[in-house]
Structure formats: structure tokens, C-alpha cells
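A short write-up of the structure that comes next.
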Amino acid sequence: MKINKCLPLTKLATALALLIPFAAFADNAKKLEVFSWWTSGGEAAALDALFKVYKERTPGVEIINATVAGGGGSAARPVLQTRLAGGNPPDTWQSHPGWELLGQYVEPGYCEPLNDLYKSENWGKVLPEQLVNLLTKDGKQWCVLAGVHRGNDLWYNKKVLDKAGIKIGDTISIDEFLADCAKLKAAGVTPLAVGDSGIWATAQLFENTLLGTVGPTGWQDLFSGKMAFDDPKVKQAAQSYAKMLEYQNSDHSALTWDQAIKAVEEGRCAFSSMGDWAHGEFTKANLKDNVDFGWVSHPGTKGGFIVVADGFTLAKNAPHKAEAIAWLKSIGSKESQEEFNPLKGSIPIRTDVDKSKFGPYHQWSMNSFSSDALLPSCVHGEAAPAAFQQALNDAITQFVVDKNVDAFCSALVQAAKESNIAK
Amino acid sequence: MNSSTAGSTDTNSTAQIAKSRLSSIREKPTRKRHFFDRLLSPLILSPAMTLIVIFVYVFIAITVWVSLSNWGTLKIDMSIRQPLGVTYQQMFMMTRWHANLRNVFVFTVLFLTFSLAFGLLLALLLDRKLIGYSIFRNVFLFPYALSFIVTGVAWRWIFNPEKGVNVLFDTLGINKLIAAFGGPPLHPGWVTDTSVLFSLNTWLGTMFPPLKSLSIQLGIPMALIPVVIAAGWQLTGFAMSMYIAGLATVPHELREAARIDGASELQVYTKVVIPQLNPVTVSTAIILGHVSLKIFDLIFAMAGGAGPGFVTDVPGIFVFDYTFKATRYNLGAAASVIMLLLVCLIIVPYLWTNLRKR
């Protein structure tokens, strides 16, 4: 009897419980879901700066900050892929331009084109054409970039080099670099710091050396299939890379890239080749630009700028489309660009920002950005499909151990064929 | 008196009537229940069965399909890749996959030997009923309660080339001792070590010439040793508890009889007790074996992934990298199918013999 009396109540409760999720979905106005993997200190602060500007421009919108921690998005991408394939996309998500954006997300139809936004905001006038090309497909633009990192930088500890009597000018060639390394090694200093517990860090060293050997036009030819990956120049780059590896720290495979930068900061190593996200590590350690540490374009790469950019897309069937478009508008604004980039350690994509807000390194990088050839990075998924990126990482993983140039190049040739870079 | 007897017969008859009524009430439902029982158990089981069929067997079938398909980007493409099975062919040509198979084989053998040997040893020591038996039993079993990720992070620090045990080699003076004998100081790279011991390449190459072209060394990668130690540390307790349970089933009379026949204490164990534990060894080896074939989290936490020269790469990490990083769903699925077959190779004969016994 008691049970019978309670039954209607239970039924009512169950019915209400079932309704709750629908109630949550019904109220979808004035919200915006932003998906990214910016969770570490500086990155999270930079993302907050973007949110701040957005909230000022469009008050009353609740931002759902869907971040997934994990270096370089290694944990976030599987989550994003599942959501996209399941038809539950976030309104906007973080992506590199180039292949990752155009091949991975645009081609299967997960994104909305943004050419109207580019037109209405007049971004064509303030953004470098080469950069816009990286996010254009079929004459339409597909994402808005928040900032640009330079991938091909060689960082050094100034005091260590002074002590060894080495001076670095505006530019350095691969041979000069190897000679300096030999000199440092003879003086008992570990010349090169590499932290390849995440294999991309040493792949970055190869990528930079490859650009230093084939040059900007060779780079374009390689990734458009005009030049083969077993071209003598690529082999030469692999040999130079192998020579550099002889000068690296012995504990390289136990370190992460930032621990390698730390080795340079503390003077245990002299050089490290890394993108300019490394700059943040130097400033975190209270070291001064051009006093404690210095930088130069990676050997042989003067005149080339490897772009590692972060942008946001607009999802097809975005649940909050109007808010998402306002978000993209906000990211592209001068205000956001000036707030975001000093915190992230990158430079604005707009050429009309106030340069005085940036330090010596970033001013140098901005000059390079406005005059050099802008090239997509392969290690960061911009120049080639993810499958090729993985194959390059695998080939590097094998190469750091056996230094077999022919096997390395033929693995890349095979991968280029499979991912339709080369015919 | 009379009235009471009358009353008693009265109550008797009412009791009988009640009984007969009750039985007539009972009888109907018995038939009903019998019918109901037959229908009910499959009916109750059917949701679970349906779910298992869908979420296990249908999904396995889908995985096999994906492994044969063209699905190599984020765009789902279930069309069959021509020629049939070319993804598998490509995978078996990959240096990385060769390293995977070598590693998973070496790891399984070493890990099983380690856990079973130490598990048996601990169980036998505890069998001697030393003081603090229950404390030690629990202490040895505690690591099993941890997740592989936690174990991995802890052992990653212990086997850090710059810290952990390597510092101990210095502070304990072991390196001074080695230096005194003119040897180089002991500073192993542990999970970052790229050397491969006992390489069989030349020997196998003379026997099977096609193996000469292999670009990996067939031997024991040094980097796997710390992983084996960590995994062994975690699962030795499990093997031990299996053996303790097994030891409890060895009849006391058997040992007594052996002792009366003049067997030494050592012989009691080697000739009587341990042979009795064979079925336990087989089941433990199978449980641990399939754990080791599927291992992913421990290596991911300890070595961060494939490691230089793929010394710590295993199929689990291969599947993760190729499915989610390279978005080559067909290749990832192909590797998963091979992983499944490897596990089947261990489990199916065991299940088969077990079911036949019944």
C-alpha cells in the first residue's frame, strides 16, 4: 500500500528528472562555447584577455570555456574529433591555419566560410596576403587568427658565448653554426640543448634546418610536390641535422622543450633551436633580451618566417552562431590583438598595431613578419596532412637513433605519396 | 471435552480445506511459474545480451570494417580500400610496427617472468606463517590498488636519468667503487636508453634472409627494463594473492605424507606444492598476459610515448598516435584488430580447454 501511494510521486520525480536536460538545452540564447587547449599559465591568461575584450564588446553573453589540457592539443584533438563526428560541435575551436584547418576541418564540411566577415571588417587591408592565403580555400577565408609565433629561432645564452669568444651577428649559416658548436664543445660546454621527450621538439630542429638548406622557394616546392623528399638538398639537410645532433645534450630524450630552454638559461648549454614560445620561458626566469640571452634566425633561414599561428573557426550549425561571429570579430580587432599577444608571447597578425607595446624580441619578429616569406610549419600541422606529420615524427624518432639518411628520406617519400603531397 | 473435540475436528477439517485450497491456489502458479521462468530469464537477460552484442561484437565488426576502409582523414569514409587489406600490408611493412611487435613480445615475456617469479616467492614466504603475515600480505597487495598512471608517474621520477636511483648510485658510493676498478660511472638512461641487448639480427638473418633488411634490432630494448620493473612492482602482489589462494587448496595431508616419506622441506615445495600450483600459474599468466598486451597508460606516463627509436612503443600507443594524431582511422583500426587477435591467441585456447573440462 505504501509503495502504491508513493508510486505517483516517484513517477512525477522521474518525469521531472528526465525533463531537466531538455530544459538546459532549450535555453541556448546568449551563450558561446570556445574550445581550445590553452590551459598553462601564460596561455590561459592570454585566452582570458580575449574573453575580456569580447565581454566588453558584447555584454551579457555567457562564455563556456571548453579547454582540454595537454601539450600541443594532443589530448584536446581526440575530444574535438569525437564532438565533430558526433554532430555536437563547439561554436568555435582552436586550429592552426594551413592543412590542419583546410584539410582536416574545412574539407569534411565542419566549418562555415568567413569571407563576408573579412570583407565587412576590411581585414584584407591590414593582414599580410601570404598569411591570408594560408587560411583561404576556394576563395573563401575559414578562420580568424589571434596571433603568430615564429618557429625558426635560434636562442643562445649570451654570457656563455661571450666567455667562449663567439659573436653572433644578424645572420648565421649552418657551417658557421657547426663551427661554433665544435668550438664550444672543445671548451667543455654542451653546445646544443634539445628536449625531445615530445618528439616534435627535435622535429622542429630538423624542420628549421631543412628550411635553412632548401630556402623559402624550396620549402614551397617540397610541400606542393614539385621537389621530392629524397632530393639531394633534403639529404644534405638531414646530414646537417645529424651533425647538429652530435652536439646535443646527452639527456635530451628525458627533457621537455622548456627544460631544454632552462638548460640554456642556466648556461649548461649554449644554443637551442625553438619557436618563440621559448621567449616566455626566458622572461619568466627574469632574463633580459639582448643582455642575458639573444636570438637569431635559425642557421640559414634568414628571409624565411615559419608561421605557427593560432586561429579560431566558425562551426557549421553552430548552436550560437551570432555570438560566435561576434567572437571572431572581436579576435580580429586591434584591441584584442594588442591585449592577447604580449601575454601569449606571439605577435599580432595586423600590421597596424602599436609596436611600442612589445619588447625588443617581438619588434624584431614583427619586422621579420612584415618583410620575410611566410611559410607554413610542417611540425605544427600547417604544411601537410596530419598523417604526413605523424610519418615525419616517426621518421625522426628512428633517425635520432640510427642516423640513416637514405632510410629517413625514403620514409618521407613514401609518406608524401600516401598523403597525396607528391604524385 | 466434547466441545473441545468437536472444536478440534472442526479446526482439523477447516485446516484440511484450507490446505487443499492452498494447494489448488499453489498448483496453478507452479505451472505458470514454470512457463514464466523459462520465458523470464531470457527476457531479463535480453537487454544485457543486446547491449553486449551491439557494444562488443558489432563494434568489433565495425572496427574490422574500418581497418579495411579508406577512412584516413576526419571525413568518415567507409568505402573498402582496394586492394583488400592493403592497410594491413602497409602496417606490416612499417619499421615502427616491427618495433611494436618486438617490444610487446619482450615486455610480455619479461613482465610475466618477473611477476610470476616474485609473486610465487612472496606467496611461499608468507606460507611459512612468519610474524606479521597479514600485514605483509596487504603491503604486497597495495600497489595493485593503484592505477597505472599513478605508478607510471612515480616510477618516471625514480628512473629519471638525472635524479632518482642514478643519484643513489653516486651517493651510496657505488660509482666510486666502479671507478676504483677502472670502470665508467653507472649512469643508465633508463627509459631514454636506446640500446638493444642480445640482438639476434645476424643470427636470424642467416636463417631467414628476408629478415636481414629489418631496420630494427631484434633483442631486448634496455628502455623496457624500467617499465617491466614498474609493471612487475604493481602486479606482483596480484600474482602473490593468486598463489596464496592456490596454496590454501593444497591439502595439508599431502605435505605431511611427503615429510613422512622423507622429503626435505625444499623438496616438499619443489616436488609437491609447486606442481599443485600449475593451474594457478596458467590462469595468472593469462590474466597478466592480456594486461601486458593491452598496456598503454603505464608506458605513456613513464616514457611519454614511443620513445627515441621506438624503444618503448607498444601497439596501444601506435593505435592512439595513428587514430587521433594522424587521423588515419583505418591504420589505427588495423592495429587494434591485430591487438585483439594477439589477446585471442592467449585467451581462446585457455577458455576452450576450460569449457571442455566442464
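The values are calculated or read from the model by the stated rules, or taken from the named source; none is laboratory data. Remember, predicted model here, so these are calculated numbers, not experimental data. Here the Cβ positions follow ideal geometry from the backbone for every residue, glycine too, while neighbour counts run over all protein chains shown.
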- Residues (under 33 Å from the mean Cα position of the chain (by Cα) and among the polar types (S, T, N, Q)) located in region B:159-201: B:ASN160, B:ASN166, B:THR192, B:THR194, B:SER195, B:SER199, B:ASN201
- Failed condition for B:GLU253, given (1) more than 14 Å from chain A (Cβ to nearest Cβ); (2) surrounded by 14 or more Cβ atoms within 10 Å (Cβ to Cβ): (2)
- All positions within region B:184-206 that are within 14 Å of another protein chain (Cβ to nearest Cβ) and without any contact (Cβ under 8 Å) to a residue 60 or more places away in the chain: B:PRO184, B:PRO185, B:HIS187, B:PRO188, B:GLY189, B:TRP190, B:SER195, B:SER199, B:ASN201
- Take the residues in region B:154-163 that are surrounded by 13 or more Cβ atoms within 10 Å (Cβ to Cβ) and either part of a helix (DSSP H, G or I) or at pLDDT 80 or above (or both), then tell me which one is farthest from the other protein chains (Cβ to nearest Cβ). B:ALA154
- Message: Can you go through B:LEU124, B:LEU84, B:LEU51 and tell me which one is on the phi < 0 side of the Ramachandran plot, of a type in the set (A, V, I, L, M, F, W, C) and in contact with a helix residue (DSSP H, G or I) (Cβ under 7 Å, 6 or more places away or on another chain)?
- Response: B:LEU124
- With respect to A:LEU134, is the statement that it is at pLDDT 95 or above and among the aliphatic types (A, V, I, L, M) true? no
- Return the total of residues in region B:334-358 being in a helix (DSSP H, G or I), more than 28 Å from B:ILE317 (Cα to Cα) and not aliphatic (A, V, I, L, M). 5
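Of all residues in region A:212-225, how many are in contact with a helix residue (DSSP H, G or I) (Cβ under 8 Å, 6 or more places away or on another chain), over 13 Å from A:LEU154 (Cα atoms) and not charged (D, E, K, R)? Walk me through how you get there before you give the answer.
First, the residues of region A:212-225 that are in contact with a helix residue (DSSP H, G or I) (Cβ under 8 Å, 6 or more places away or on another chain): A:212-214, A:218-219, A:221-222, A:225.
Then keep just the ones that are over 13 Å from A:LEU154 (Cα atoms); that gives A:213-214, A:218-219, A:221-222, A:225.
Still in the running and not charged (D, E, K, R): A:213-214, A:218-219, A:222, A:225.
Summing the residues that are in contact with a helix residue (DSSP H, G or I) (Cβ under 8 Å, 6 or more places away or on another chain), over 13 Å from A:LEU154 (Cα atoms) and not charged (D, E, K, R) in region A:212-225 gives 6.
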- Any chance A:GLY267 is in contact (Cβ under 8 Å) with a residue 24 or more places away in the chain and within 22 Å of A:HIS362 (Cα to Cα): no
- Message: Against the condition within 14 Å of chain B (Cβ to nearest Cβ), at pLDDT 90 or above and closer than 10 Å to A:CYS143 by Cα, how does A:LEU114 come out, does it pass?
- Response: no
- Message: List the helices (runs of 4 or more DSSP H) inside region B:1-114, counting only whole elements, that have at least 1 residues being modelled with pLDDT of 90 or more, farther than 30 Å from B:LEU214 by Cβ and within 14 Å of chain A (Cβ to nearest Cβ).
- Response: B:59-67
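Results for (1) more than 14 Å from chain B (Cβ to nearest Cβ); (2) of a type in the set (D, E, K, R); (3) assigned to a loop (DSSP other than H, G, I, E, B), shown as yes or no for each residue.
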{"site": "A:GLU43", "(1), (2), (3)": "yes, yes, no"}
{"site": "A:LEU47", "(1), (2), (3)": "yes, no, no"}
{"site": "A:PRO59", "(1), (2), (3)": "yes, no, yes"}
{"site": "A:ILE63", "(1), (2), (3)": "yes, no, no"}
{"site": "A:GLN81", "(1), (2), (3)": "no, no, no"}
{"site": "A:LEU84", "(1), (2), (3)": "no, no, no"}
{"site": "A:GLY87", "(1), (2), (3)": "no, no, yes"}
{"site": "A:GLN94", "(1), (2), (3)": "yes, no, no"}
{"site": "A:GLY109", "(1), (2), (3)": "no, no, yes"}
- Note on the structure: Residues in region B:91-144 that are more than 18 Å from B:ASP321 (Cβ to Cβ) and free of Cβ contacts under 8 Å to residues at least 60 places away in the same chain total 17
- Note on the structure: Among (1) at pLDDT 95 or above; (2) β-branched (Val, Ile, Thr); (3) more than 18 Å from A:HIS298 (Cα to Cα), A:ILE199 falls short only on (1)
- Message: Within region A:354-363, does at least one residue satisfy the condition of being part of a loop (DSSP other than H, G, I, E, B) and under 27 Å from A:LYS55 (Cβ atoms)?
- Response: yes
- Considering only region A:91-110, how many residues are touching a Lys or Arg at 6+ places or on another chain (Cβ under 8 Å) and either under 25 Å from A:TRP200 (Cβ atoms) or among the aromatic types (Phe, Trp, Tyr) (or both)? 5
- Test for B:ASN138: is it of a type outside the set (A, V, I, L, M, F, W, C), on the phi < 0 side of the Ramachandran plot, within 14 Å of chain A (Cβ to nearest Cβ) and in a helix (DSSP H, G or I): no
- Query: Restricting to region A:316-351, what's the tally of residues that are more than 12 Å from A:THR92 (Cβ to Cβ), touching a residue at least 60 places away in the same chain (Cβ under 8 Å) and not acidic (Asp, Glu)?
  - Reply: 16
